[in-house]
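**Student:** What follows is a structure written as structure tokens; I'll ask about it next.
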Amino acid sequence: MVDYARVGLHPSYYTMKDLALLKKEKERLESITNLPIKRSRQHYLRFSLPDTYQKLIDLEIEEDYSMGYASQAGFRASTCTPFYFYDLDFEIQTPLKIFPFAVMDTTLNDYMKLTPKQSLGKIRDLKNEVKKVNGTFITLFHNESLSAYQRWRGWSRLYGSMLKISKSS
């Protein structure tokens, strides 16, 4: 996989507060990929500020993709532009770059109860808003949503349409 794509860590549920477990999971992935792991997204978007980010920094994670809402579309950090985490405790800009995402597949399907067609409209609207400010449009899709299995019927097609929208500027 590392020959074809950028790979990052998807830490398990309890790593939010457990540095030893987070470190163990990172080292395991590094031993599998034979590469240093520099990217992360917390499981279920679970993180505690500033603790989780400080743990990621301690483990030399450079990019985090957890900054987003589970239950609604929009930007949890009020920006669509990646930024470096500023640690208020130490009053320093850290080397950890935060990449906010606009929307997640489960948000559209499970929380907002939108159809794939309605979701595409929402995605298009978000993309257009991000474009107005020259921001970075990031979405979060799980491999399950591309399966066409049960609640994900029609979402694989939505994903393809979303990619076309994303590429057109």
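Here, each number is a calculation from the coordinates, and none is a lab measurement. Note that the coordinates shown come from a computational prediction; the quantities given were computed from them, not determined experimentally. We place every Cβ from the backbone using ideal geometry, glycine too, and count neighbours over all the protein chains shown.
**Student:** When only residues in the stretch 120-152 that are part of a loop (DSSP other than H, G, I, E, B) and more than 21 Å from L45 (Cα to Cα) count, which is nearest to the chain's Cα centre (by Cα)?
**Tutor:** In this case the residue turns out to be G135.
**Student:** Here is a follow-up. Can you tell me which residue within the stretch 8-41, out of those that are touching a His at 6+ places or on another chain (Cβ under 8 Å) and under 19 Å from N143 (Cβ atoms), is surrounded by the fewest Cβ atoms within 10 Å (Cβ to Cβ)?
**Tutor:** Y13
**Student:** Please specify each residue of the stretch 153-162 satisfying the condition of being in contact with a helix residue (DSSP H, G or I) (Cβ under 7 Å, 6 or more places away or on another chain) and either part of a helix (DSSP H, G or I) or among the aliphatic types (A, V, I, L, M) (or both).
**Tutor:** Step one: of the stretch 153-162, the residues in contact with a helix residue (DSSP H, G or I) (Cβ under 7 Å, 6 or more places away or on another chain) are 154-159, 161-162.
Those that are in contact with a helix residue (DSSP H, G or I) (Cβ under 7 Å, 6 or more places away or on another chain) and either part of a helix (DSSP H, G or I) or among the aliphatic types (A, V, I, L, M) (or both): W155, S156, R157, L158, Y159, S161, M162.
**Student:** Here's something else I'd like to know. Just give me the residues in the stretch 70-87 being over 25 Å from K26 (Cβ atoms) and surrounded by fewer than 17 Cβ atoms within 10 Å (Cβ to Cβ), in sequence order. Spell out how you get there, then give the answer.
**Tutor:** First, pick out the residues of the stretch 70-87 that are over 25 Å from K26 (Cβ atoms): 71-75, 78-81.
Hits for the stretch 70-87 are S71, Q72, G74, S78, T79, T81.
**Student:** Still on this model: When the stretch 120-149 is examined, which residues are found to be more than 17 Å from G160 (Cα to Cα), surrounded by 13 or more Cβ atoms within 10 Å (Cβ to Cβ) and of a type outside the set (A, V, I, L, M, F, W, C)?
**Tutor:** Scanning the stretch 120-149 gives E129, K131, G135, T136.
**Student:** Which residues, taken from the stretch 124-169, are closer than 22 Å to G8 by Cα and charged (D, E, K, R)?
**Tutor:** Selection gives E144 alone.
**Student:** A follow-up question, please. Against the definition (aliphatic (A, V, I, L, M) and within 21 Å of Y44 (Cβ to Cβ)), how does M162 come out, yes or no?
**Tutor:** No.
**Student:** Still on this structure, please answer the following. Assuming S66 fulfils every condition listed in (1) crowded, with 18+ Cβ neighbours inside 10 Å; (2) among the hydroxyl-bearing types (S, T, Y); (3) in contact with a strand residue (DSSP E or B) (Cβ under 7 Å, 6 or more places away or on another chain) apart from one, which condition is it?
**Tutor:** Among (1) crowded, with 18+ Cβ neighbours inside 10 Å; (2) among the hydroxyl-bearing types (S, T, Y); (3) in contact with a strand residue (DSSP E or B) (Cβ under 7 Å, 6 or more places away or on another chain), the lone unmet condition for S66 is (3).
**Student:** Now, a different point. Filter the stretch 88-98 down to the residues that are closer than 21 Å to S66 by Cα and surrounded by fewer than 19 Cβ atoms within 10 Å (Cβ to Cβ) and list them by number. So that I can check it myself, show each step before the final result.
**Tutor:** Step one: list which residues in the stretch 88-98 are closer than 21 Å to S66 by Cα, which gives 88-89, 92-98.
Listed by number, the residues that qualify are L88, D89, I92, Q93, T94, P95, K97.
**Student:** Can you confirm whether the stretch 103-119 contains a residue that is surrounded by 20 or more Cβ atoms within 10 Å (Cβ to Cβ), in a loop (DSSP other than H, G, I, E, B) and without any contact (Cβ under 8 Å) to a residue 60 or more places away in the chain?
**Tutor:** For the stretch 103-119, residues surrounded by 20 or more Cβ atoms within 10 Å (Cβ to Cβ), in a loop (DSSP other than H, G, I, E, B) and without any contact (Cβ under 8 Å) to a residue 60 or more places away in the chain: absent.
**Student:** Another one. Going by the structure shown, is A5 loosely packed, with under 13 Cβ neighbours inside 10 Å and within 18 Å of the chain's Cα centre (by Cα)?
**Tutor:** Yes.
**Student:** Please pick out the residue among F90, F141 that is free of Cβ contacts under 8 Å to residues at least 12 places away in the same chain, farther than 17 Å from E63 by Cα and not aliphatic (A, V, I, L, M).
**Tutor:** Matching residue, one of F90, F141: F90.
**Student:** Kindly indicate whether any position in the stretch 140-150 is in contact with a Cys (Cβ under 6 Å, 6 or more places away or on another chain), closer than 28 Å to T52 by Cβ and not β-branched (V, I, T).
**Tutor:** no
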